[in-house]
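Just below is one structure, and these are the notes that go with it.
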Amino acid sequence: MLTWKDVINFSVNGNPTPDRRVEKTEAEWSAQLTLEQFRITRQKGTERAHSGALCSIYDEGKYNCICCNTPLFDSTIKFSSGTGWPSFTQPIKENAIKYEKDSSFGMVRVEVMCNTCDAHLGHIFPDGPEPSGLRYCINSESMTLEKETD
Ligand SMILES: [Zn+2]
């Protein structure tokens, strides 16, 4: 299980190696994504709180990157944070997510990105529920929910 210490360590000393890489030009991403998806994932935007479709959905399944379809989180680690953005306590796999220090807007935060294609997903904070204490605060528009089928 990842803790805040691991997250800081990744952001300072480097991230785990992803299983694969997906790299495209801005024009290719732009052709594939909606305007809002492009603004958030490729230009580090943030959606308005409570506006995201996945914010209050707790169906079972995997949350995949909207850009490269890599699984990032799953429904078992989603929790209701009351912030207005989908929130998780852990990544689906340690090397699914990449972390970078973000000093924009006069704050020092840790940015969360897809480790496969570098899509901006959101930020991570050390005020989540136990035992990990982590809160991944993720834009709904940066993910697609792949529902469990049986
Ligand atoms: Zn991705």
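The values are calculated or read from the model by the stated rules, or taken from the named source; none is laboratory data. Source: prediction; values computed, not measured. Using ideal geometry, Cβ is built from the backbone for each residue, glycine included, and neighbour counts are taken over all protein chains shown. For the accessible areas, the whole protein counts, side chains as well, though only heavy atoms, and no ligand, DNA or RNA atoms are used. Shrake-Rupley method; radii C 1.70, N 1.55, O 1.52, S 1.80 Å.
Accessible surface calculations at 1.4 Å, restricted to protein heavy atoms, place the chain at 52 Å² per residue. Carbon-plus-sulfur accessible fraction, the chain (probe radius 1.4 Å, protein heavy atoms only): 50%. Highest GNM mean-square fluctuation among Gly45, Gly61, Gly106, for the chain modelled with Cα contacts below 10 Å: Gly106. Partners of Lys93 within straight-line reach, counting lysines whose Cα lies under 22 Å from its Cα and excluding those fewer than 8 residues away in the same chain: Lys5, Lys62, Lys78, Lys101, Lys147.
Roughly how many nanometres apart are two label points built 7 Å out from the Cα toward the Cβ at Phe105 and Arg48? Inter-label distance under the simple model: 1.6 nm. Put simply, the amide H of Asn115, placed in the peptide plane, has neighbours under 5 Å in Ile97, Lys98, leaving out anything fewer than 5 places away on its chain. Site pair Ser56 and Ser30 shows an inter-label distance of 3.6 nm when each label is modelled 7 Å from Cα along Cα→Cβ. Hey, in the GNM for the chain with a 10 angstrom Cα cutoff, which one of Thr25, Thr116, Thr46 fluctuates hardest? With Cα springs under 10 Å in the chain, the top fluctuation among Thr25, Thr116, Thr46 is at Thr25.
In the elastic network of the chain, a GNM with C-alpha springs shorter than 10 Å, the most mobile of Leu33, Leu72, Leu54 is Leu33.
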